[in-house]
Amino acid sequence: MELETQRLRIDPFSKNDIEHWANIEADARVRKYIDGKPLTAEDAERYILRNIKSYKDNGFGRYAVRLLKDNTLIGMCGFLEEPYGIDFGYRFGHAYWQKGYATEAAGALVAYGHQALKMQHIVAWVHPENSASMHVLKKLNFEHLGQDFLYDMTVEKFQH
């Protein structure tokens, strides 16, 4: 799978992305609403390998989001099978926040999920204080379904 938007290329992670992804995930700001803990290089490698396995096993995963102009890895977006179901998510390096990249990538992946993967419902869970992420979902016409409880924390649940 490879998608292009006006400014982005979205494609599967490869092992070559591990070091770059580790640098993104080492920033506590990037992980603030997940668990607040920077990932180690080993954790970042496990995350990339989990997604590579998911592409083979499920036909989807979280995908690398790169700048079209120079192929820089700036974040991820996509679907991941979790114990509670398929989770839609995105995360970007701090230097790429507030530039519309999350909305651009998420919009392309939502369309891909509905059209190519035939997903009827795309569900995203967001930390209640993550207003930027909720703003992205609302811009993409996700419906707010209320609060839920996930991994010992209250989250806002959205569906497209």
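Every number in this text was worked out from the coordinates using simple rules, so none of it is lab data. If you're wondering where the values come from, they're calculated on a predicted model, not measured in any experiment. Cβ sites come from the backbone with ideal geometry, for glycine too, and all protein chains shown count toward neighbours.
Data overview
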| read-out | value |
| --- | --- |
| Length added when fully stretched, TYR96-PHE149, from 0.36 nm per residue minus Cα-Cα | 16.2 nm |
| Neighbourhood net charge (9 Å Cβ-Cβ; Lys/Arg +1, Asp/Glu -1) for LEU80 | -1 |
| Relative packing of peptides 70-79, 83-92 - highest average C-beta neighbours within 10 Å first | 70-79, 83-92 |
| Charge dipole (debye, nearest 20) of the chain; +1 at Cβ of Lys and Arg, -1 at Cβ of Asp and Glu | 380 |
| Qualifying GluC sites (Glu not before Pro) in segment 126-160, DSSP loop, other Cβ atoms within 10 Å at most 16 | GLU129 |
| Hull volume in cubic angstrom per residue (convex hull over the Cα atoms of segment 3-159) | 111 |
| 15 Å reach of a label modelled at ASP27, 7 Å along Cα-to-Cβ, counting backbone N of segment 45-68 | 65-67 |
